[in-house]
Amino acid sequence: MHIETGLGVLHLFLSPVVGRSVDTEAATAAVKTAEAAEAQVVTAALLGHKADVAVMALHRDWTVLRRLQTDLQAAGLDLVDSYVSITEVSEYAKGMPEHMLNERLYPSLPPVDKPIFCFYPMTKRRDAHANWYATPYERRNEMMREHGKSGRTFAGKVVQLITGSTGLDDFEWGVTLFAITPEVVKDVVYTMRFDKGSALYGEFGRFYVGYLAPLAEALDGTRERQ
């Protein structure tokens with residue numbers, strides 16, 4: 001169940017099972033077991049009603065990711081949403097230095113000093129009047145370069161990881177952002193939606209936002225509902 005190039009990426013969005021206490025020690029042990037198997041695990045406390053915590057895990061072996069999912073559920077956490085993808089190098093990244101390509105395939109997460117977490121999936125439209133896949137490559141490449149230029153204006157304020165999910169989940173990409181403040185997340189998403197590649201062709205799924213925290217700390221605020 002290994003990924004040949006890059007890493008498997010699993011986003012889990014969880015809340016306590018209604019009427020059941022979360023075994024925080026077991027949940028923490030699940031994360032440590034995955035990390036002992038050399039998985040990268042990022043945990044975040046979420047705001048809003050969609051979920052309470054996010055667990056993002058990266059590993060080339062899907063069985064390691066699946067075990068983490070199962071162990072978290074066994075600890076009393078309800079899996080309310082999820083996303084499956086893999087790290088990849090975009091076809092529009094031709095000419096980039098080798099080290100930058102490797103950073104996309106094998107990222108080191110979470111980045112330093114960027115505690116704000118955001119995840120959303122996205123797809124390119126196939127409408128009759130705006131079909132991304134019927135648009136010539138040269139034009140698509142031009143729009144993606146515009147998109148990248150907009151993103152670079154936020155250098156130092158946000159780190160973005162785009163993972164591929166065509167055939168793996170409901171959308172075509174998963175976008176994970178790590179930012180220095182919540183305002184940066186809002187500003188970068190707002191700014192980049194004006195790029196033609198997004199304004200004409202972008203479709204977005206649900207947004208999950210919060211801040212990085214150890215799993216036990218992220219779960220602490222849910223105790224009063226047990």
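The values are calculated or read from the model by the stated rules, or taken from the named source; none is laboratory data. Please read all numbers here as calculations on a predicted model, not as lab measurements. Here Cβ is always computed from backbone atoms with ideal geometry, including for glycine, and neighbour counts include all displayed protein chains. Accessible surface areas use protein heavy atoms only, side chains included; no ligands, DNA or RNA. Shrake-Rupley method; radii C 1.70, N 1.55, O 1.52, S 1.80 Å.
If you check Ala130, Ala134, Ala75, Ala36 for being within 22 Å of Gly205 (Cβ to Cβ) and small (Gly, Ala, Ser), only one passes: Ala130. For region 92-115, the count of residues that are touching a residue at least 12 places away in the same chain (Cβ under 8 Å) and farther than 22 Å from Lys157 by Cα is nonzero. Tell me yes or no: at least one residue of region 140-158 is at pLDDT 90 or above, in contact with a Ser or Thr (Cβ under 8 Å, 6 or more places away or on another chain) and in a helix (DSSP H, G or I). So far as region 140-158 goes, no, none of its residues is at pLDDT 90 or above, in contact with a Ser or Thr (Cβ under 8 Å, 6 or more places away or on another chain) and in a helix (DSSP H, G or I).
Can you find even one residue in region 168-183 that is in a helix (DSSP H, G or I) and modelled with pLDDT of 95 or more?
Here is the first cut: in region 168-183, the residues in a helix (DSSP H, G or I) are 182-183.
Add one more test, that the residue is modelled with pLDDT of 95 or more, and what stays is 182-183.
The answer is yes; a qualifying residue exists.
Regarding Lys32, is this residue basic (Lys, Arg), out of contact with any helix residue (DSSP H, G or I) (no Cβ under 8 Å at 6 or more places or on another chain) and assigned to a loop (DSSP other than H, G, I, E, B)?
Numbers: basic (Lys, Arg): yes; out of contact with any helix residue (DSSP H, G or I) (no Cβ under 8 Å at 6 or more places or on another chain): yes; assigned to a loop (DSSP other than H, G, I, E, B): no.
No.
For (1) of a type outside the set (S, T, N, Q); (2) farther than 27 Å from Gly210 by Cα; (3) touching a Phe, Trp or Tyr at 6+ places or on another chain (Cβ under 7 Å); (4) open to solvent by 70 Å² or more (accessible area, probe 1.4 Å), each residue gets a yes or a no:
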position: Phe119; (1), (2), (3), (4): yes, no, yes, no
position: Met122; (1), (2), (3), (4): yes, no, yes, no
position: His129; (1), (2), (3), (4): yes, yes, no, yes
position: Met144; (1), (2), (3), (4): yes, yes, yes, no
position: Val189; (1), (2), (3), (4): yes, no, no, no
position: Phe194; (1), (2), (3), (4): yes, no, no, yes
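The condition (being of a type outside the set (Ser, Thr, Tyr), surrounded by 20 or more Cβ atoms within 10 Å (Cβ to Cβ), in a helix (DSSP H, G or I) and touching a residue at least 12 places away in the same chain (Cβ under 8 Å)) is satisfied by just one residue among Leu219, Leu161: Leu219.
Quick check: anything in region 124-132 more than 14 Å from the chain's Cα centre (by Cα), among the basic types (Lys, Arg) and assigned to a strand (DSSP E or B)?
Of the residues in region 124-132, the ones more than 14 Å from the chain's Cα centre (by Cα) are 124-132.
Keeping just the survivors that are among the basic types (Lys, Arg) gives 124-126.
Retained after the next criterion (residues that are assigned to a strand (DSSP E or B)): 124, 126.
Yes: region 124-132 contains one or more residues that are more than 14 Å from the chain's Cα centre (by Cα), among the basic types (Lys, Arg) and assigned to a strand (DSSP E or B).
Beta carbons closer than 9 Å, at least 6 apart along the sequence or on distinct chains, pair a first residue in region 19-47 that is open to solvent by less than 30 Å² (accessible area, probe 1.4 Å) with a second that is among the β-branched types (Val, Ile, Thr) and part of a helix (DSSP H, G or I) for Ala30/Thr70; Ala34/Val64; Ala39/Val31; Ala39/Thr33; Ala39/Val64; Val41/Val31; Thr43/Val31.
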